[in-house]
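Working notes, structure below.
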Amino acid sequence: MAELTSPINGKVWKILVAVGDKVELDDEMVILEALKMETPIYSEENGTVSEIRVKEGDAVNEGDVLVVVT
Amino acid sequence: MTDWNKVIEVFGSGVLGVLLIMGFLMILLQISFKVIEYFERCIEKPTSEKA
Amino acid sequence: MFRILEDLVLSSGLVNLTPGNLVMWLVAFTLFYLAIKKQYEPLLLLPIGFGILIVNLPLTFLMEPEQGLVWFFYHYGIEKDIIPPLVFLGLGAMIDFGPLIANPKTLLLGAGAQVGLYVTFFAAILLGFDLKEAASIGIIGGADGPTTIYLGSKLAPHMLGATAVSAYAYMALVPIIQPPIMRLLTTEAERKIEMGKIRPVSRLQKIVFPIITAMIVMLLAPPSAPLISMLMMGNLFKESGVVERLTNASSNELINIVTIFQGLAVGATMTAAVFLNPKVLLVFCLGLFAFCVSTASGLLMAKFMNLFLKVKINPLIGAAGVSAVPMAARCVHKVGSEANRRNYLLMHAMGPNVAGVIGTVVAAAIFLKNLG
């Protein structure tokens with residue numbers, strides 16, 4: 001199990017995966033928005049999305065968990 | 001016509017001046033942040049309001 | 001009947017139009033196009049463009065000393081140095097210096113990028129500008145509008161329009177100007193360097209920062225006082241958290257109001273007689289040169305610092321020392337993530353970016369001390 005954390009402070013712009021999705025290394029998982037720029041966050045391993053801890057529009061801080069992959 | 005001594009002076013004092021002032025500011029800020037961190041670690045009470 | 005018509009025509013601006021006025025109309029229309037259609041810094045270019053248009057309508061005397069409406073804006077706002085410090089008050093209330101506080105070393109990067117200003121100053125002198133003109137051209141490389149206007153109005157008011165417009169125009173073009181230089185001066189491996197997490201910053205540190213910075217910078221470079229004092233007071237408002245009303249007033253209403261008059265007054269300095277001069281083209285070329293050299297000197301400064309640092313920084317963030325906030329930081333982030341998709345440099349680049357604002361003010365202060 002691995003937690004995908006946010007590398008920056010910003011807002012959740014789009015969530016591209018759903019619970020139960022199979023993801024592979026480097027898949028785009030979430031797009032964050034900070035300083036009017038979209039920043040895609042990529043998966044760090046292969047697995048299945050077991051939990052999504054944020055929703056679109058949420059403000060996130062650096063280090064917050066976005067998605068849990070098992 | 002162009003006062004080259006003045007040009008060199010402005011150029012040199014500018015480049016050095018900016019680096020020195022910013023460097024000095026960096027050192028003082030680093031020291032004060034260290035001090036603040038030290039105090040904040042000492043006063044681990046929930047009400048550490050000073051400013 | 002005929003007499004009345006003749007009078008009307010002769011007293012109108014039409015017969016007094018010069019070809020130069022028509023060219024300036026085109027300049028104004030170009031700025032309108034860039035502002036409205038391309039959205040390049042519309043908050044600034046729109047009032048500037050309108051200022052250009054209205055002073056190039058003859059017989060309106062808007063810029064006539066002691067009588068014209070816009071002249072009063074210019075005289076009290078720009079010549080007497082009131083507006084640029086007020087813009088800085090608003091900026092201070094908006095800028096988060098957190099990334100700089102987390103990593104004070106980025107102050108050196110903000111200083112490194114200013115070396116480009118002085119290189120441009122040197123180049124401008126070689127091209128035949130006098131010292132004061134060269135200084136007000138060099139400062140364009142700081143990518144800081146209010147500072148450019150502040151220094152320009154003191155040293156070379158006849159070129160104020162050109163220097164201000166080129167500063168704002170190139171700021172909007174940062175995403176095009178910077179990446180090629182960034183790729184040229186860094187290796188793929190350097191661009192891939194990840195910088196990890198940003199050190200958390202306490203509230204007390206954020207409050208102390210504007211106070212210490214204001215004291216040190218003003219003690220060491222007194223001519224910086226009008227700009228740096230307002231910048232830091234605005235930031236103290238913001239970080240203190242107890243005067244939200246003042247923070248909001250500075251960062252919203254006040255800065256918006258003075259931006260209108262700043263743009264209009266700067267635009268109004270550009271009459272055909274002043275602006276249509278081959279030197280103006282040179283100013284625009286040197287302005288671009290200034291942006292390029294400042295970017296390069298920021299990058300080189302970062303590489304130089306890496307020689308001594310145990311934990312290497314990504315040299316790309318040096319380019320953000322050009323203080324176009326936040327365009328330069330965004331640009332760094334983009335180029336960094338192209339080399340390594342897990343590279344999130346945005347917040348790290350904000351450090352040198354805001355340090356660049358301070359650096360540009362210091363550079364302007366040193367110019368003023370030597371030439372003012």
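The values are calculated or read from the model by the stated rules, or taken from the named source; none is laboratory data. A quick note: this is a predicted structure, and the numbers were derived from the prediction, not measured. In this analysis, Cβ positions are derived from the backbone assuming ideal geometry, glycine residues included, and neighbour counts consider all displayed protein chains. Surface accessibility is based on the protein's heavy atoms, side chains included, excluding ligands, DNA and RNA. Shrake-Rupley method; radii C 1.70, N 1.55, O 1.52, S 1.80 Å.
Specify the angular offset, from 0 to 90 degrees and rounded to the nearest 10, of the alpha carbon long axis of helix C:83-94 from the longest principal axis of the alpha carbons in chain C. Roughly 40 degrees between the two axes.
Length, then width, then depth: along the principal axes, the Cα atoms of region C:1-150 run 78, 39, 35 Å.
Would you mind counting up the charge near A:I52? Only other residues with Cβ under 11 Å from its Cβ, with Lys and Arg at +1 and Asp and Glu at -1. It works out to a net charge of -2.
For the peptide C:210-222, the mean number of other protein chain Cβ atoms found within 10 angstrom of a residue's Cβ is 3.
Under the criterion of Cα pairs below 8 Å and six or more residues apart, the relative contact order for region C:142-241 equals 20 percent. Protection proxy ranking for C:186-197, C:73-84, C:320-331, using the average of other Cβ atoms within 10 Å per residue and placing the highest first: C:320-331, C:73-84, C:186-197. How large, in percent, is the carbon and sulfur part of the accessible surface of chain C at a probe radius of 1.4 Å? Answer for chain C: carbon and sulfur cover 70 percent of the accessible area. Over all alpha-carbon pairs of region A:2-69, lay out the pair-distance distribution in 10 Å bins, whole %, shortest bin first. Taking all Cα pairs of region A:2-69, the binned fractions are 24, 59, 17, 0 percent. Applying 0.36 nm per residue to the separation of C:F2 and C:R183 and subtracting their alpha-carbon distance, the gain on full extension is 58.2 nm.
Near C:I95: Cβ cut-off under 13 Å, other residues only, Lys/Arg at +1 and Asp/Glu at -1. The net charge is -1. For the segment B:26-39, counting C-beta atoms of other chains within 10 Å of every residue's C-beta and taking the mean gives 5.
Averaged over the residues of C:93-100, the number of partner chain Cβ atoms lying within 10 Å of the residue Cβ comes to 1.
The loop-placed chymotrypsin sites (Phe, Trp or Tyr not before Pro) in region C:225-316, going by DSSP, that have at most 16 neighbouring Cβ atoms within 10 Å of their Cβ come out as C:F308.
Of A:K14/C:K334; C:K197/C:K334; C:K206/C:K312; A:K55/C:K38; C:K154/C:K206; C:K37/C:K334, which pairs sit farther than 22 Å apart, going by alpha carbon to alpha carbon? C:K206/C:K312; A:K55/C:K38; C:K154/C:K206; C:K37/C:K334, as the Cα separations exceed 22 Å there. Electrostatic bookkeeping for A:D64 treats Lys and Arg as +1 and Asp and Glu as -1; over the other residues with beta carbon under 11 Å from its beta carbon, the sum is -2.
Compared with the dominant principal axis of the Cα atoms in chain C, helix C:160-172 is inclined by about 50°.
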